[in-house]
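Right, one structure below, let's go through it.
The values are calculated or read from the model by the stated rules, or taken from the named source; none is laboratory data. Since we're looking at a predicted model, the values are computed, not measured. Glycine also receives a Cβ, built like all others from the backbone with ideal geometry; neighbour counts cover every protein chain displayed. To get the accessible areas, we keep the full protein, side chains included, count just its heavy atoms, and leave off ligands, DNA and RNA. Shrake-Rupley method; radii C 1.70, N 1.55, O 1.52, S 1.80 Å.
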Amino acid sequence: MGLKKDYDLERDKKNVRELEIEIKDMSGYEVVSLLKKEGLIRSELFSKIYVKLNKTNMQAGLYELNSGMSAFKIFEIIESGKVTTKYNVSITFNEGLTVPEYARIISNNTNNKFEDIIKVFEDREYAKELIKQYWFLDESILDKKVYYPLEGYLFPNTYTFVNKDVDVKTIIRTLLNEFDKQITPYKDKIEKRGFTLREVVIHASIAEAESLPGDRSNIVSVNMNRIKSFTSLGSDETAYYGFKQFEKTIGLTIEQFNDCSNPYNTRCTSKMGLPIGPINSPGLDALKNTIEYKETDYMWYAADCHCKTYFAKTEYEMNSKINDLRNKNLWCEISQ
């Protein structure tokens with residue numbers, strides 16, 4: 001009889017016990033040991049074999065299980081993340097948020113303090129541990145000039161956690177697991193386009209910040225054309241991030257825009273190529289539009305006060321469009 005069929009066998013319906021099981025930041029084998037301890041599975045050995053063969057990804061959370069379920073059904077529930085809503089807290093992270101914004105949301109929805117959360121995000125020793133566990137993280141995230149090693153990889157979505165006492169590292173691993181789930185299907189496409197995963201995330205983060213859905217492929221095309229022609233990207237958003245104006249509550253000065261010493265600032269005319277790291281955690285739309293971007297002849301883009309993006313092949317064409325927007329009161333100055 002096949003292994004899956006063995007796990008699909010109905011358990012003894014007599015004396016069924018209802019249990020609430022909390023899965024924390026645990027490996028598959030640790031989850032199996034916990035389930036065995038609680039009497040929810042019969043064979044720890046075969047369960048570990050199943051987990052290894054199926055590369056089962058256990059989602060953290062509080063689950064309502066019972067001893068009448070087959071082991072296969074239990075693993076299916078935990079892998080799907082179908083947690084009980086009885087005690088759980090739901091947290092939503094929107095696309096394009098920075099690490100400090102993530103930290104603020106976590107502190108507002110859990111019992112973790114903002115300052116403690118930021119320390120975890122800045123912890124390079126912790127980041128080293130994560131590099132060993134996730135294929136999409138590499139040594140480049142440890143660069144001392146990078147503000148937050150995990151910036152860019154915290155996949156935006158709505159997540160459910162056990163309660164407000166949830167550990168920050170459990171939250172981080174949950175977000176990284178979701179990034180893994182979302183980006184892995186594009187692994188071959190990324191390699192065929194000649195990108196590194198790091199480059200994809202950086203490009204996508206700029207496209208996420210600079211434009212609305214529908215314009216992002218062209219944004220990536222402009223940036224690729226500028227890199228090829230040894231022209232600075234000229235992205236305002238990278239400058240804001242570079243000077244830690246994450247929520248852009250105030251404008252930047254001309255001096256700040258022209259500061260070439262900041263490794264994130266691509267507004268500086270002598271700063272070529274991509275910034276040192278991502279400037280937010282982009283959503284799937286921005287990631288897909290980066291991986292699948294269509295080549296154009298565009299070299300310039302600008303957005304009006306309503307966030308509509310305009311593209312141009314020459315500087316003259318772009319300046320003409322900007323003057324037209326000014327005349328229509330649709331151009332918003334961002335510096336002060």
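Numerical summary
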quantity: Percent RCO, i.e. relative contact order, over region 251-336, from Cα pairs under 8 Å lying at least 6 residues apart; calculated: 26
quantity: Sulfur and carbon atoms: percent of accessible area, region 190-336 [1.4 Å]; calculated: 49
quantity: Inter-label distance for residue 26 and residue 86, nm, one decimal - labels placed 7 Å from Cα along Cα-to-Cβ; calculated: 1.6
quantity: Centre separation in Å (Cα based) which lies between region 262-336 and region 171-228; calculated: 16
quantity: C-alpha long axis of helix 99-109 to longest principal axis of the chain, angle in °; calculated: 50
quantity: With Cα atoms, 0 to 90° folded angle of helix 216-228 axis to the chain main axis; calculated: 60
quantity: Equivalent ellipsoid dimensions for region 216-299 as semi-axes, Å, which come from the Cα gyration tensor, largest first; calculated: 22, 16, 10
quantity: Relative compactness, region 162-238, computed as alpha-carbon Rg over 2.2 N^0.38 Å; calculated: 1.40
quantity: Partner lysines for residue 294 [C-alpha distance under 28 Å; skip if fewer than 8 residues away on the same chain]; calculated: 181, 187, 189, 192, 228, 271, 308, 313, 321
quantity: Residue among 291, 322, 49 with the largest mean-square fluctuation in a Gaussian network model of the chain, springs linking Cα atoms under 10 Å; calculated: 49
quantity: Among (i) 22.2; (ii) 21.0; (iii) 25.1, the entry that matches Kirkwood radius over Cα pairs in Å as calculated here; calculated: (i)
quantity: Residue 17-residue 332 FRET efficiency (beta carbon distance; Förster radius 56 Å; 0.05 resolution); calculated: 0.35
quantity: Qualifying trypsin sites (Lys or Arg not before Pro) in region 52-91, DSSP loop, other Cβ atoms within 10 Å at most 11; calculated: 55, 86
quantity: Residue-averaged [θ]222 nm for the chain, counting only DSSP H segments that reach four residues, each worth -39500 (n - 2.57); calculated: -13000 deg cm²/dmol
quantity: Net charge dipole size for the chain [Lys, Arg +1 and Asp, Glu -1 on Cβ; Debye, nearest 20]; calculated: 780
quantity: Over region 92-195 - Rg/Rh using Cα atoms and the Kirkwood inverse-distance radius; calculated: 0.97
